[in-house]
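The values are calculated or read from the model by the stated rules, or taken from the named source; none is laboratory data. Values in this document were obtained by computation on a predicted structure and should not be read as measured data. Every residue, glycine among them, receives a Cβ derived from its backbone with ideal geometry; neighbour counts consider all protein chains shown. Remember, those area values only see protein heavy atoms, side chains included, never the ligands or the DNA or RNA. Shrake-Rupley method; radii C 1.70, N 1.55, O 1.52, S 1.80 Å.
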Amino acid sequence: MNHTEEELRLLICDIGRNLFNKDFIAANDGNISARLSETEILTSPTGVSKGYLKPHMLVKVNLQGEILEAAEGYRPSTEVKMHLKIYNELPEMKGVVHAHPPYATAFAIKGESLDKMMMPESVIAMGDIPLAEYGTPSTEEIPDSLIPFLGKKTAVLLESHGALTWGKDVMSAYLNMERLEYTAKLTFITRMINGERELPQNRIDELVALRSFYGM
Ligand SMILES: [Zn+2]
């Protein structure tokens, strides 16, 4: 779907509100971006609660992270580097979401990927959710930690930090974040009731075959 810049700005603000209301981010954490054109990215600014984003606060940057347009007092997060890694390496990807959802982040802190194939929708939509190696925020370490997953995954846990998702549009990137946190929560709950139970391999194979019908 092609959005106008105005629509995209509103959508990013909506997504920020959802991330905030779902407790996927605390205070000024997290960031959201969307590809506006081949070379222009709209991103949420740093130092602002993403629950209270307004369209004019968003910052426009190029693929190198240089500011093209920003209202006074707003600048991109240093975490925008991991978004740019996705946009630079994967031209078909048009949205990236970074958050610290509590269940997913707990697994990220533990250093455990989410690889149990327990329910159909998650197997079809996402498969396993790997863990990207720890990196210091704002350095090139986090973008580099994504390299093994580019073109293979659209959701990863960031070790001892949080989660990053991307997609063919910013809405899909957001929905991938919802699914990632749901998977983490379900893994936690099933473990609490000693109920972690994977689907049999032949059932997993059937679901993987269904992915093509869903355009994945
Ligand atoms: Zn973060």
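So here's what we get for this one:
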quantity	calculated
Some residue of segment 58-68 being away from the ligand (no atom under 16 Å from the Cβ), surrounded by fewer than 18 Cβ atoms within 10 Å (Cβ to Cβ), over 27 Å from ASP144 (Cα atoms) and at pLDDT 95 or above	no
Options GLY47, GLY73, GLY111: the member that is within 16 Å of the ligand (Cβ to nearest atom) and surrounded by fewer than 17 Cβ atoms within 10 Å (Cβ to Cβ)	GLY47
Whichever residue in segment 120-138 is over 29 Å from LEU207 (Cα atoms) and not small (Gly, Ala, Ser) and, among such residues, is modelled with the lowest pLDDT	PRO137
Enumeration of residues in segment 41-72 that are in contact with a strand residue (DSSP E or B) (Cβ under 6 Å, 6 or more places away or on another chain), within 17 Å of MET82 (Cα to Cα) and of a type in the set (D, E, K, R)	LYS60
Segment 11-38 - residue that is more than 17 Å from MET57 (Cβ to Cβ) and within 13 Å of the ligand (Cβ to nearest atom) and, of those, least open to solvent (accessible area, probe 1.4 Å)	PHE24
Single condition ALA34 does not satisfy, out of (1) out of contact with any Gly (no Cβ under 6 Å at 6 or more places or on another chain); (2) within 23 Å of THR154 (Cβ to Cβ); (3) not polar (S, T, N, Q)	(1)
Hits in segment 76-108 (condition: in a loop (DSSP other than H, G, I, E, B) and open to solvent by 70 Å² or more (accessible area, probe 1.4 Å))	THR78, PRO91, GLU92, LYS94
Tally of residues being more than 10 Å from the chain's Cα centre (by Cα) and either small (Gly, Ala, Ser) or more than 16 Å from the ligand (Cβ to nearest atom) (or both) across segment 149-159	5
Matching residues, segment 78-118, being more than 14 Å from the chain's Cα centre (by Cα) and modelled with pLDDT under 95	THR78, ASP115, LYS116, MET117, MET118
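Yes or no, residue by residue, for (1) more than 16 Å from the ligand (Cβ to nearest atom); (2) open to solvent by 50 Å² or more (accessible area, probe 1.4 Å):
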residue: LEU131; (1), (2): no, no
residue: GLU141; (1), (2): no, yes
residue: HIS161; (1), (2): no, no
residue: TRP166; (1), (2): no, no
residue: GLU181; (1), (2): no, no
residue: THR190; (1), (2): yes, no
residue: GLY195; (1), (2): yes, no
residue: ASP205; (1), (2): yes, yes
residue: LEU210; (1), (2): yes, yes
